[in-house]
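Beneath this line is the structure, given in structure tokens, with notes to follow.
The values are calculated or read from the model by the stated rules, or taken from the named source; none is laboratory data. A quick note: this is a predicted structure, and the numbers were derived from the prediction, not measured. Glycine also receives a Cβ, built like all others from the backbone with ideal geometry; neighbour counts cover every protein chain displayed. The accessibility values were calculated without ligands, DNA or RNA, using every heavy atom of the protein model including side chains. Shrake-Rupley method; radii C 1.70, N 1.55, O 1.52, S 1.80 Å.
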Amino acid sequence: MQENLQAIYDGVINGDANTVESEVQAALDAGVSARSILDDSLVSAMGQVGAYFEEGTYFVPEMLVAARAMKSGLTVLRPYLVEEDVEPVGTVAIGTVQGDLHDIGKNLVGMMLEGAGFEIIDLGVNVAPAKFVDAVNEGAEMIALSALLTTTMPNMKAVVSGLEQAGIREQVKVLVGGAPVTEAFAEQIGADGYAKDASQAATLAKKLI
Ligand code: B1M
């Protein structure tokens, strides 16, 4: 692997945002394409971070610092990606459902999705079903719903119903997750997929798109 790409990869794995930022710039200056920096270092490193999380080597704090490092690299890279016309894998509107203010898991899922090459529209917390419907009308191809409370889980169903009522259910994938959410619940409310953590969410999102 080109030496700057290896340094970016290692920087993300180690959560070293300063190194990632400077090495992305150095790779660009050395003539490496933005696409290669994205695919061969940033995205592949986040894939490895996800694997470490799944095998229990990394925990939430390590994942958060790695995701932040990846984001600093993306900030430098973004204008060059636009210049090279690199399309995102897809557009995901993410939010914590209505009545629910928990956002740490949702942010982590958003960062992993971004690390997997998706464009993220972050709708925040306490998001009303109509806002998700609006996001689909504005081009989101996937909706990612997070809920941490048993009392707010039913609001995921309200989002699916809102999409059905708006006649746009078939044009969007709905991914759900959060501590109290289960595969069975996802099926019951008619979601397209359930992921138990941020890493699995990124893997599943790529399959769904
Ligand atoms: Co709250 N809270 N909280 N809380 N809180 C829980 C969730 C709770 C389990 C604590 C407890 O009682 N043991 C409990 C829920 C009980 C239940 O419903 N069964 C609870 C409660 C009751 C409440 C309040 C009602 C307390 C009160 O006021 N009486 C209140 C509700 C406010 C509201 O939302 N309306 C409340 C408030 C808060 C704080 C504001 C203080 C704070 C949130 C701060 C914030 O998010 N900015 C808070 C916190 C921090 C927690 C705990 C301690 C930690 C949650 C967390 O961030 N975990 C939590 C107890 C616990 O989990 N140990 C608790 C780390 C995070 C990385 O994990 O969000 O699960 P998590 O995300 C995971 C997966 O779930 C998954 O991926 C992530 C990991 O990779 N995931 C997805 C999440 N979303 C996904 C989406 C996907 C796929 C995967 O696809 C789209």
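Here is how the numbers come out for the structure above:
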| item | result |
| --- | --- |
| Test: residue in the stretch 84-91 that is farther than 15 Å from residue 113 by Cβ, part of a helix (DSSP H, G or I) and out of contact with any Lys or Arg (no Cβ under 8 Å at 6 or more places or on another chain) | no |
| Any hit, the stretch 51-71, residues being touching a Gly at 6+ places or on another chain (Cβ under 7 Å), hydrophobic (A, V, I, L, M, F, W, C), part of a helix (DSSP H, G or I) and open to solvent by 60 Å² or more (accessible area, probe 1.4 Å) | yes |
| Where residue 6 falls short, out of the listed (1) more than 17 Å from the chain's Cα centre (by Cα); (2) under 23 Å from residue 87 (Cα atoms); (3) part of a helix (DSSP H, G or I) | (2) |
| Answer residue from the stretch 72-106, given it is surrounded by fewer than 20 Cβ atoms within 10 Å (Cβ to Cβ) and closer than 24 Å to residue 153 by Cβ and is modelled with the lowest pLDDT among those | 104 |
| Filter pass, residue 203 being out of contact with any strand residue (DSSP E or B) (no Cβ under 6 Å at 6 or more places or on another chain), within 25 Å of residue 34 (Cβ to Cβ) and either open to solvent by 60 Å² or more (accessible area, probe 1.4 Å) or at pLDDT 95 or above (or both) | yes |
| Residues of the stretch 114-126 satisfying the condition of being within 30 Å of residue 42 (Cα to Cα) and either surrounded by 23 or more Cβ atoms within 10 Å (Cβ to Cβ) or within 15 Å of the ligand (Cβ to nearest atom) (or both) | 114, 115, 116, 118, 120, 121, 122, 123, 124, 125 |
| Candidates 115, 90, 56 - the one that is over 19 Å from residue 141 (Cα atoms) and of a type outside the set (Phe, Trp, Tyr) | 56 |
| Residue match in the stretch 57-78 (condition: touching a residue at least 60 places away in the same chain (Cβ under 8 Å) and within 12 Å of the ligand (Cβ to nearest atom)) | yes |
| The stretch 169-182 residues that are open to solvent by 20 Å² or more (accessible area, probe 1.4 Å), paired with ones that are hydrophobic (A, V, I, L, M, F, W, C) and in a strand (DSSP E or B) (beta carbon under 7 Å, 6 or more apart) | 173/142 |
| Count - residues of the stretch 127-168 that are in contact with a Ser or Thr (Cβ under 9 Å, 6 or more places away or on another chain), open to solvent by less than 10 Å² (accessible area, probe 1.4 Å) and of a type outside the set (A, V, I, L, M) | 1 |
| Test result for residue 140, within 9 Å of the ligand (Cβ to nearest atom), under 30 Å from residue 52 (Cβ atoms) and either among the hydroxyl-bearing types (Ser, Thr, Tyr) or in contact (Cβ under 8 Å) with a residue 40 or more places away in the chain (or both) | no |
| Selection count, the stretch 21-50, where residues are open to solvent by 40 Å² or more (accessible area, probe 1.4 Å), of a type outside the set (Lys, Arg) and either in a helix (DSSP H, G or I) or in contact with a strand residue (DSSP E or B) (Cβ under 8 Å, 6 or more places away or on another chain) (or both) | 10 |
| The stretch 143-183, residues that are aliphatic (A, V, I, L, M), more than 12 Å from the ligand (Cβ to nearest atom) and under 20 Å from residue 106 (Cα atoms) | 158, 160, 172 |
